[in-house]
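The next block holds one structure in the form of structure tokens; read it before the comments.
The values are calculated or read from the model by the stated rules, or taken from the named source; none is laboratory data. Note that the structure is a prediction, hence the values are computed from the model and not measured. Because the Cβ atoms are built from the backbone with ideal geometry, glycine has one as well, and the counts that use them run over all protein chains shown.
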Amino acid sequence: MQFLQYRSWTAGSPAHILEGSQNHFLVDNPFIRREHPVSVARILEDARELHGDIVQLRHDLHRHPELGLELPRTQEKVLAALSDLPLEITLGKGLTSVGAVLRGTAGDPSAVDRPTVLLRADMDALPLQEETGVDFASETPNRMHACGHDLHTSMLVGAARLLAERRHQLAGDVVLMFQPAEEQLAGAPMMIEEGILELSGRQADAAYGLHVFSAGGNTGRFETKAGVMMSAADAVFVKVIGRGGHGSAPHQAKDPVPVMAEMILGLQHMVTRQFNAHDPVVVSVGMVKAGEAINVIPDTAEFGASLRMYSDEARTKMQSAIPRLLKGIASAHGLDVDINYHVGGRVTVTDAAHTAFAAEQIHELFGAERHHSLPAPLGGSEDFADVLARVPGSFICLDATPLGGGPDAAFNHSPRATFDDSVLVDGTALYTQLALARLAQLAAA
């Protein structure tokens, strides 16, 4: 795919591959133009020049969404978009990830202690039938980019180009993390296991991620929060085992349905009586299943719940409190219960200093009015938390409410969620500025 008209000059020869293998290859282009000064105004100007091309990539990805760990077409498009940049590229083994290293040339490139900044974008979609009506809607049934990951990917590709043009200004290295399977909270841990945090040859010194939101009514506003920013996400699946019978003679059966109902209510009581209101937990039962006929008592009844916690202490307590409660209720009624507790994503905790740094860059690029500090954590969960648990950094939200969408705009994960393309410039510029400014600070320390 011809992605961007890259600002470079050529002496008649294309970028050349220096070395290659199935999972690792190095692409070098010696003809990058280097006249840009270090200037946030120039970063924004250059990002605006790329806007049409970034939109084109975003719309292409949106038309062809892929799920989970295997995103072969998405990976192919990302590789094509990066192919003429001076990047060391590593492909995932257990997933279709793309890891890329941009080596800065400022200072001493051979120094072993050169700093590294990691920038991350997730790439996967959701199993939804799109209902937006946009002219670039998904062409794949029951697949949709309803969480904006197509924007994240396109913005990071744009930032890769802006940073490559400023390679001579980079006092260290930049790792680009293109990640599958965020929606499963699985991709980041797998990429960490495969070495993304050490891809430059040393542990990354700072890590930053962005996430767009389709509702909020403040298009183009960035939001940050130091400390706990997003919840941990666990789940519990429960089967209540009784003995079926005729609806007219419940005394001759062991009815699991009222016992299940008592369990569901008991979980809500447990939350308010066993957990600190200032360290909240949220239990939402979203799946309930029992019999097929109104006059038949079923043998079993099942339900599932999502669990959100904002501290490791509350999460640990929940893992013992739920089984204890449910087993006690089942035993009181002479029934059995099977409990499958699934541990999901961890609490997202941002570093205070890095979050303050990110806010400073937002102010410098866009003005203080474009930044908002969140007063409380968000209820969602994010596997970038696994990166931030190992590397100090921050996670930044970007309001992408469609212009004119107002307070009724559909939120992420809705089949009607839409995102304004205008924020692609903003995200591209901020990714670029975060890497440039943080590397400069680290090199000067």
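When each of 259, 285 is tested for being hydrophobic (A, V, I, L, M, F, W, C), under 28 Å from residue 348 (Cα atoms) and surrounded by 17 or more Cβ atoms within 10 Å (Cβ to Cβ), the lone residue that passes is 285. Residue check: residue 370 meets all listed conditions (1) over 18 Å from the mean Cα position of the chain (by Cα); (2) closer than 30 Å to residue 301 by Cβ but one, namely (2). One residue stands out among those in the range 289-339 that are in a loop (DSSP other than H, G, I, E, B) and among the hydroxyl-bearing types (Ser, Thr, Tyr): the one that is farthest from residue 382 (Cα to Cα), which is 311.
One residue stands out in the range 351-374 among those that are touching a residue at least 24 places away in the same chain (Cβ under 8 Å) and either in a loop (DSSP other than H, G, I, E, B) or assigned by TED's automatic domain parsing to the domain that holds residue 308 (or both): the one that is nearest to residue 220 (Cα to Cα), namely 374.
Scanning the range 342-349 for any residue that is farther than 30 Å from residue 431 by Cβ and touching a residue at least 12 places away in the same chain (Cβ under 8 Å) turns up at least one such residue. Among the residues of the range 194-215, those identified as within 17 Å of residue 411 (Cβ to Cβ) and of a type outside the set (Ser, Thr, Tyr) are 211, 212, 213, 215.
Does residue 85 meet the test of being outside any helix (DSSP H, G or I) and either surrounded by fewer than 21 Cβ atoms within 10 Å (Cβ to Cβ) or at pLDDT below 95 (or both)? It is false that residue 85 is outside any helix (DSSP H, G or I) and either surrounded by fewer than 21 Cβ atoms within 10 Å (Cβ to Cβ) or at pLDDT below 95 (or both). Answer with yes or no whether residue 253 is aliphatic (A, V, I, L, M), in contact with a strand residue (DSSP E or B) (Cβ under 7 Å, 6 or more places away or on another chain) and at negative phi. Judged against the criteria, residue 253 is a match.
Please go through the range 335-355 and pick out each residue that is out of contact with any helix residue (DSSP H, G or I) (no Cβ under 9 Å at 6 or more places or on another chain) and either of a type outside the set (A, V, I, L, M) or surrounded by 14 or more Cβ atoms within 10 Å (Cβ to Cβ) (or both). Once the filter is applied, which keeps residues that are out of contact with any helix residue (DSSP H, G or I) (no Cβ under 9 Å at 6 or more places or on another chain) and either of a type outside the set (A, V, I, L, M) or surrounded by 14 or more Cβ atoms within 10 Å (Cβ to Cβ) (or both), the range 335-355 yields 338, 340, 342, 344, 355. In the set (1) buried (at least 24 other Cβ atoms within 10 Å of the Cβ); (2) within 14 Å of residue 435 (Cα to Cα); (3) in contact with a strand residue (DSSP E or B) (Cβ under 6 Å, 6 or more places away or on another chain), residue 153 fails one condition alone, (2). Residues of the range 201-232 being among the hydroxyl-bearing types (Ser, Thr, Tyr) and either out of contact with any Lys or Arg (no Cβ under 8 Å at 6 or more places or on another chain) or surrounded by fewer than 20 Cβ atoms within 10 Å (Cβ to Cβ) (or both), which ones? Of everything in the range 201-232, those that are among the hydroxyl-bearing types (Ser, Thr, Tyr) and either out of contact with any Lys or Arg (no Cβ under 8 Å at 6 or more places or on another chain) or surrounded by fewer than 20 Cβ atoms within 10 Å (Cβ to Cβ) (or both) turn out to be 214, 219, 224.
Return the residues of the range 420-438 that are closer than 17 Å to residue 403 by Cα and either hydrophobic (A, V, I, L, M, F, W, C) or buried (at least 24 other Cβ atoms within 10 Å of the Cβ) (or both); say none if nothing qualifies. Once the filter is applied, which keeps residues that are closer than 17 Å to residue 403 by Cα and either hydrophobic (A, V, I, L, M, F, W, C) or buried (at least 24 other Cβ atoms within 10 Å of the Cβ) (or both), the range 420-438 yields 423, 424, 425, 426, 427. Just one of the listed residues (238, 271, 257) is part of a strand (DSSP E or B) and either among the β-branched types (Val, Ile, Thr) or not assigned by TED's automatic domain parsing to the domain that holds residue 316 (or both), namely 238. Scanning the range 88-129 for residues that are of a type in the set (A, V, I, L, M, F, W, C) and part of a loop (DSSP other than H, G, I, E, B) returns 95, 106, 111, 112, 123, 125, 128.
Of all residues assigned to the range 183-196, at least one qualifies as being under 26 Å from residue 284 (Cβ atoms), touching a residue at least 24 places away in the same chain (Cβ under 8 Å), in contact with a helix residue (DSSP H, G or I) (Cβ under 7 Å, 6 or more places away or on another chain) and not hydrophobic (A, V, I, L, M, F, W, C). Of 114, 42, all but one fail to be surrounded by fewer than 19 Cβ atoms within 10 Å (Cβ to Cβ), at pLDDT 70 or above and of a type in the set (Lys, Arg); the exception is 42. Scan the range 187-200 for residues that are small (Gly, Ala, Ser), within 28 Å of residue 417 (Cα to Cα) and surrounded by fewer than 21 Cβ atoms within 10 Å (Cβ to Cβ) and the total you get is 0. Being at pLDDT below 95 and either aliphatic (A, V, I, L, M) or closer than 17 Å to residue 146 by Cβ (or both) holds for only one residue in 439, 403, and it is 403.
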